[in-house]
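Asker: Structure below; questions to follow.
The values are calculated or read from the model by the stated rules, or taken from the named source; none is laboratory data. Keep in mind the model is a prediction, meaning the values are calculated, not measured. FYI the Cβ positions are ideal-geometry reconstructions off the backbone, even for glycines, and counts take in every protein chain you see.
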């Protein structure tokens, strides 16, 4: 009874937009603490208002600086912003140089901004799911925009970014690995490209490179119909807040396109179904992990790994029969 | 009966080192085709002879070129080499420029070399497990060295590389993101650092940077005892095969250190237990995924994702009760 009460109280605090309540809720989700799914379930009806923006790209592309610049821009327009940083090199997660980190921390103290970093070590699929659920909580807490900043290399990182309504892929000139980054799956998730640090030489060349790669891809995909989204390529210099208004404008443009073509509802239905699937599989995993922790031997004596896993799975089933 | 027979026949073909049998076995594992665990179980006693080397690092570090150079070096010594490429930008996986790819393909036709690329898209934790099991099969097929080439960003990619006996982290000068790459978790997995493309300016500086970071880390970890492994930093120019003999030498050195300090047995026990745990969790996941595929609705009408997942999990349990 006490636990149910806690969840109820916490849900109300999150609905009221209390930052401390939200922080606690995200911790519950991150640690899969008993009751976290009840909390998410209780807040389910409150979700769906926030626009979710994924910002991804290779290390050093300036994703955090861009996130900060967008946040300041939206703040001035009177919007509230939640930020989830999964990039281990992000100043938000403490992974950057001191100066960057201090600037980001200043942002964190602004009214209307909520920043949360999620550890990218440890849990595998777990992180991707928890990150999406943290975004759900920010959504339920009433934030107008939720930014998911992830490193654009690695499957689960890309999954997180592409779970947003709109995903911006950030690249920089001079990196020389524009093509390499694209090969790493970034092209498939981009609703929008940003050539950041555009004051450096090579910005136009990179923009052209991206355009060529996009046109090859478009060619492969067949002719685009009129309602198709034409992926824009924008140049920004986030450190000087240049190009940020245009970027915000294009992000809105993509959101409106989703809305007008009924794709928003479609994406969100898919997202909610995905959440159910993830929760189901996580539950099965959790039970399997529990029996591993209580029943596994310290070494394999005479049994193969697969024999052991089969025995333990039988045991798990037998236990569940008793439930 | 027929299926059991197939597994037996296939296991024998793999034991004899037949490349086509090995390729088919890896496909079974990759697709989790019925019988794949029986195959792995049957070959269990044949594993443990190969030395497994993880090669990881950021995109563009020249990991594939280094892998190819090492392979040629070992070939000349009369060794056989299995290569698993998970890096989506690797020439082995078809993600690189044409010239690179052609050179790698030449290697693939050499007697004593077996190359397999694993798709890094799709399965999340699944890829990491399947990759390790593919290495198990190469081991059972009698390859002396198994190289796991992965992109050193992203959790599951790092997991794969660090599942090897020895993990080499490859960095390049000029990339400017040496520190960023380190932050991404590369430092924790390195048994050995390679500064590749060492003919470029900045190689010595990068080597010093790494040394400084290592000494800071060592300082944090307390004093090293005599038996501790001192992580070497090597310079190579893989495209010209420079430094490759020294690298092979150090890889052997690390393996011998593992052997002499009983850490090899320790690592391998942990690896085998990990395989059992992974197989257990995968089995639970697979059952959950199966019920999702057969029982999930097309949209959520009036039920929250968490309510739906709970209902389906109950159904799964009920089904298992009947088994």
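Asker: Give me the residue from the stretch A:239-273 that is closer than 29 Å to residue A:68 by Cα, surrounded by 14 or more Cβ atoms within 10 Å (Cβ to Cβ) and modelled with pLDDT under 95 and, out of that set, farthest from the other protein chains (Cβ to nearest Cβ).
Answerer: Taking the candidates together, the pick is A:241.
Asker: Could you tell me which residue of the stretch A:95-129 is modelled with the lowest pLDDT, considering only residues that are exposed (fewer than 15 other Cβ atoms within 10 Å of the Cβ) and within 13 Å of chain B (Cβ to nearest Cβ)?
Answerer: A:122
Asker: Restricting to the stretch B:1-59, what's the tally of residues that are in contact with a strand residue (DSSP E or B) (Cβ under 8 Å, 6 or more places away or on another chain) and not in a helix (DSSP H, G or I)? Walk me through how you get there before you give the answer.
Answerer: Within the stretch B:1-59, the subset in contact with a strand residue (DSSP E or B) (Cβ under 8 Å, 6 or more places away or on another chain) is B:19, B:22-23, B:26, B:50-59.
Still in the list and also not in a helix (DSSP H, G or I): B:50-59.
Adding up the residues that qualify gives 10.
Asker: Please verify whether residue A:163 is at pLDDT 75 or above and on the phi < 0 side of the Ramachandran plot, treating the condition exactly as stated.
Answerer: It is true that residue A:163 is at pLDDT 75 or above and on the phi < 0 side of the Ramachandran plot.
Asker: Only residues that are within 11 Å of chain A (Cβ to nearest Cβ) and on the phi < 0 side of the Ramachandran plot: list them for the stretch B:47-73, please. Quick ask: steps written out before the conclusion?
Answerer: If we filter the stretch B:47-73 for residues that are within 11 Å of chain A (Cβ to nearest Cβ), which is where we start, we get B:47, B:58-61.
Within the stretch B:47-73, B:47, B:58, B:59, B:61 qualify.
Asker: If residue B:153 satisfies all but one of (1) part of a helix (DSSP H, G or I); (2) under 19 Å from residue B:117 (Cα atoms); (3) at pLDDT below 95, what's the number of the condition it fails?
Answerer: If we test residue B:153 against (1) part of a helix (DSSP H, G or I); (2) under 19 Å from residue B:117 (Cα atoms); (3) at pLDDT below 95, just (1) comes out false.
Asker: Another question, then. Go through the residues of the stretch B:22-34 one by one and say whether even a single one is touching a helix residue (DSSP H, G or I) at 6+ places or on another chain (Cβ under 7 Å) and closer than 30 Å to residue B:197 by Cβ.
Answerer: No, the stretch B:22-34 has no match at all.
Asker: Checking residue A:168 against (1) crowded, with 19+ Cβ neighbours inside 10 Å; (2) part of a loop (DSSP other than H, G, I, E, B); (3) modelled with pLDDT of 90 or more, only one condition comes out false. Which one?
Answerer: (2)
Asker: Considering each residue of the stretch A:293-307, count those that are facing chain B (nearest Cβ under 7 Å) and within 13 Å of residue B:40 (Cα to Cα), and give that number.
Answerer: 4
The rows are residues; the columns are (1) at pLDDT 90 or above; (2) assigned to a helix (DSSP H, G or I); (3) loosely packed, with under 14 Cβ neighbours inside 10 Å.
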residue: A:220; (1), (2), (3): no, yes, yes
residue: A:225; (1), (2), (3): no, no, yes
residue: A:231; (1), (2), (3): yes, no, no
residue: A:275; (1), (2), (3): yes, yes, no
residue: A:291; (1), (2), (3): yes, yes, no
residue: A:307; (1), (2), (3): yes, yes, no
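Asker: Mind listing whichever residues of the stretch B:70-94 are assigned to a helix (DSSP H, G or I) and at pLDDT below 70?
Answerer: The answer is B:91, B:92, B:93.
Asker: Of everything in the stretch B:1-20, what is away from chain A (no Cβ under 13 Å), buried (at least 19 other Cβ atoms within 10 Å of the Cβ) and free of Cβ contacts under 8 Å to residues at least 60 places away in the same chain? Give them in sequence order. Lay out the reasoning, then the answer.
Answerer: Step one: of the stretch B:1-20, the residues away from chain A (no Cβ under 13 Å) are B:1-6, B:8-10, B:12-20.
Within this subset, residues satisfying the condition of being buried (at least 19 other Cβ atoms within 10 Å of the Cβ) are B:10, B:14.
Answer for the stretch B:1-20, where residues must be away from chain A (no Cβ under 13 Å), buried (at least 19 other Cβ atoms within 10 Å of the Cβ) and free of Cβ contacts under 8 Å to residues at least 60 places away in the same chain: just B:10.
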